[in-house]
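Since every read-out is calculated from the coordinates, none of them should be taken as a lab result. In this text, all values refer to a predicted model and were calculated from it rather than measured experimentally. Note that each Cβ is placed from the backbone with ideal geometry, even for glycine, and that neighbours are counted across all protein chains shown.
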Amino acid sequence: MAHNDTGVKSDELRPVSNGTKPLRILGISAFYHDSAAALIVDGDIVAAASEERFTRKKYDQNFPRNAVVYCLSEGNLSVSDLDAVVFYDKPRKKVGRLIATYLSYAPYGADNFAAAMREWVGKKLFTRRVISNELQRLAQEGVIPKILFSEHHLSHAASAFYPSPFERAAIITVDGVGEWATAMIALGEGGRITNLKEMHFPHSLGLLYSAFTSYCGFKVNSGEYKLMGLAPYGISGEPARAGRRVDQYKKIILEKLIDLKDDGSLYLNMEYFDFAAGMRTCNVEKWEELFGLPPRKEEELFAQEHMDLALAIQEVTNEIILRLGSTARELTGAKYLVMAGGVALNCVSNYQLEKSGIFDEIWIQPAAGDAGGALGAALVAHYIYYDQPRTADGDRMHGSYLGPSYSDEEIARALKKEGIPYQPYENFDELSRDVAGLLESGNVVGWFQGRMEWGPRALGNRSILADARNPEMQKKLNLKIKFREGFRPFAPSVLEEDAQQYFDTKHASPYMLFTAPVQQSRRKPAAPESASVQERLNTPRSDVPAITHLDYSARLQTVARKTNERYWKLINAFKEKTGYGLLVNTSFNVRGEPIVCTPEEAVRCFLDTEMDYLVLGNILLDKREQKQTERALPRAYARD
């Protein structure tokens, strides 16, 4: 990893004074994937949202106009009230990397380079002008604020460190690529972030994992979490033949594809990769020869070999993250770690790092991907450009409930307009007891409450809920509710105070960013490795089978009453009825569509799937009472 011992370098971000005026800063990420906006006022996070939630275009990369309008509305501000608007990276540095990369490979990749340059010249290279024009449209006659630019991995680092509860912490950011950096180790202390080491393009853990994502038949930049979910179907260890195959795949990765160093840095053998100049992530022909395995086509059935390959790259990723963690501890001496970047969403690697005990505690930005860069950029301006003091006083993310909310009156008006029958409740405790009874009876319930979550995980405000004890629930949710692959696991939401009854964990996991093993006392014998995938999938592995993955892990969310009282009360009501203080929690959407934002979107999803009940605030909808009209499946629900 390249050293940078002089701390953050940026001419545009040298400290300036803002006097005693309240600081109002808008952060923006856009033009690559998952564009977003975030608003902070005097360092407090007021609002944040991804553009996809408003446009209904998954991973929308366009300027986040709707997200900006929402954030300003939530803060009761106009564009002219802002002190600064900050973009999350530096486009001119990125185009410099694009040109330098092409020159290294020329004339190979000329068509790809030409296409990329047309896009850059058309929009991305002139990001300042695009932002200025968009702000002017929103401001109308008002004055637009100054426009600043952070650096990509600095934005990630800021999004992880500044909202964390730590005064001093090591920082690790890992993703595909920013301007040039693909990973960074830094030290956060007070209001300062000091960059200690970087890894540079084309050598990238994120791009390595994406190459395997593509080879296993999933889409890059959206299917990486599917690859992570597929890995436990791999068979590891002797004497199983497939176990030896996992070991062989790992050996090939470590000997042929990458040169992994002790400090966690890696060098890709670019003979086997095509992303630098071509249109593919990997050289498919060479990979097929190397692994003795053809690439899986999208929607094709999974061969055991692809599952073993998924496990192999997951185990390699775990090892890389562990080495990066050891290096970060050695360089900083810090007891605590914060993380961001797309790879920080890999909750399996996060658990391995947490379990290692390298750090006393780990905090991860819930919007760890590029969307979170919008928040990080705003925080960079606040703490570095404006040189504001910082005091660590707990988790500053407000539970990540930073999106739009809707009152019962607004919800009722929307339902009446469409002639949809519903049952209002005056008492939420009564509602939660009734819904707990519905869940106990095997019903699937859409749960729409309060402010929408920030980040890719549903955390109990835009969720679909079910009984984790039901052995048929995983199949039902995947095939009849989510319209997605049957192998996909589901996450539990568990009362924070009850977590250790179900899971071998010592730490809270409020943002669903760590896996944890199900307690040994709750496990049941797994199907033999010789069984078919379907038999292995359908064999209950614990007394909470709907959330227990093949390796006896679960990606858990711990729910604290002080953070989300309504969700806590529902789970507690379910516990009072059943003795179990946890529920299945999956995001309120179907495959290929973003998580719902508005009551209307929630109702549409409810009516077009086999959900049984829907709760919107204090209002309950029963599917049996709805009009039984023919409804065409929306295009957004088609398989992606």
_Estimated FRET transfer efficiency when R0 is 51 angstrom, pair GLU535-ASP408 (beta carbons, to 0.05)_ = 0.65
_Phi-based couplings in Hz for region 416-431 (Karplus 6.51, -1.76, 1.60; Gly and Pro marked x)_ = 5, 4, 9, x, 9, x, 8, 10, x, 10, 8, 10, 5, 4, 5, 4
_Segment LYS219-GLU600, extension gain: residue separation times 0.36 nm, minus the distance between their alpha carbons_ = 134.3 nm
*Stretch gain in nm, segment ARG244-VAL284, where the contour uses 0.36 nm per residue and the Cα spacing is subtracted*: 12.1 nm
_Derived scalar couplings ³J(HN,Hα) [region 535-543; Karplus, 6.51 cos²θ - 1.76 cosθ + 1.60; whole Hz; x for Gly, Pro]_ = 5, 5, 5, 8, 7, x, 10, 6, 7
*asked:* Give me the one-decimal nm value for the distance between modelled label points at ASN76 and ASP608, 7 Å along each residue's Cα-to-Cβ direction.
replied: 3.7 nm
*What stretch of the chain, leaving out the sites themselves, is the longest with no GluC sites (Glu not before Pro) in a DSSP loop having at most 16 other Cβ atoms within 10 Å?*
1-140
_Quick check on the chain: what are the equivalent-ellipsoid semi-axes from the Cα gyration tensor, as sqrt(5λ), descending, whole Å?_
35, 33, 24
*In what order do LEU550, LEU614, LEU254 fall by count of nearby beta-carbon atoms within 10 Å, going from fewest to most?*
LEU254, LEU550, LEU614
*So what is the 222 nm mean residue ellipticity for the chain from helices alone, if each DSSP H run of at least 4 adds -39500 (n - 2.57) and you divide by all residues, rounding to the nearest 500 deg cm²/dmol?*
-10000 deg cm²/dmol
*Just need the relative contact order of region 408-637 here, percent rounded to a whole number, with Cα pairs under 8 Å and 6+ apart.*
32 percent
*Loop trypsin sites (Lys or Arg not before Pro), region 518-572, which have at most 12 other Cβ atoms in a 10 Å radius of their Cβ (DSSP)*: LYS562
*asked:* Let's test the formula: R0 of 41 Å, r as the Cβ-Cβ distance of LYS476 and GLU319. What FRET efficiency results, to the nearest 0.05?
replied: 0.65
*Among LEU459, LEU148, which comes first, then next, by fewest other beta-carbon atoms within 10 Å?*
LEU148, LEU459
*asked:* Taking 8 Å as the Cα distance limit and 6 or more residues as the minimum spacing, I'd like the relative contact order of region 205-362 as a percentage.
replied: 28 percent
*If contacts are Cα pairs under 8 angstrom and at least 6 residues apart, what is the relative contact order of the chain in percent?*
15 percent
*asked:* Take LYS146 and PHE126, extend 7 Å from each Cα along the Cα→Cβ direction, and tell me the distance between the two endpoints in nm.
replied: 2.5 nm
